[in-house]
C-alpha cells in the first residue's frame with residue numbers, strides 16, 4: 001500500500017508530470033539537443049573571444065594611428081612656426097631696407113640742396 005501512496009504522490013507532483021511529458025515527447029533526442037546546445041554555446045563563446053581580440057587589435061591600431069597623427073601634426077606646426085618666423089624676419093629686413101632707403105634719400109636730397 002505504501003507503494004501506491006508514493007506513486008499517487010508522484011502522479012500528482014507537477015514536476016514529475018512535466019518530466020514524464022518531456023521524456024515522452026523528446027525521449028532520446030534530449031541528450032542530442034543538449035549536445036547541440038553545448039556546441040552552439042561553445043561556438044558563441046569562441047566567436048565572442050574572436051570579436052574581443054579583433055576589438056583589441058583595432059583599438060591598438062587606432063591608438064597607434066592617433067599617436068602617428070599627433071606626431072605629424074606637431075611636426076607640421078613646428079614647420080609652420082619656422083616658416084612664419086622666416087617670413088617675419090624677411091618682413092623686418094624689408095622694413096629695415098625701406099628705412100635705410102628713406103635715410104639715403106634724405107641724405108641725397110640734402111646733398112642736392114647743398
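Any read-out appearing in this document is the output of simple, stated calculations on the displayed coordinates, not a laboratory observation. If you're wondering where the values come from, they're calculated on a predicted model, not measured in any experiment. Here Cβ is always computed from backbone atoms with ideal geometry, including for glycine, and neighbour counts include all displayed protein chains.
Can you give the three extents of the C-alpha atoms in segment 2-113 along their principal axes, from longest to shortest, in whole Å?
Projected onto the principal axes, the Cα atoms of segment 2-113 cover 145, 24, 19 Å.
At 7 Å along Cα-to-Cβ for each site, give me the label-to-label distance between residue 37 and residue 62 in nm.
3.6 nm
Quick one: helix 29-113 against the long Cα principal axis of the chain, what's the angle to the nearest 10°, folded into 0 to 90?
Long axis of 29-113 versus the principal axis of the chain: about 10 degrees.
Assuming 0.36 nm per residue, please report the length gained on full extension of the stretch residue 49 to residue 30 beyond their Cα-Cα distance.
4.0 nm
Can you tell me the length gained on complete extension of the stretch residue 74 to residue 19, counting 0.36 nm per residue apart and subtracting the Cα distance?
12.7 nm
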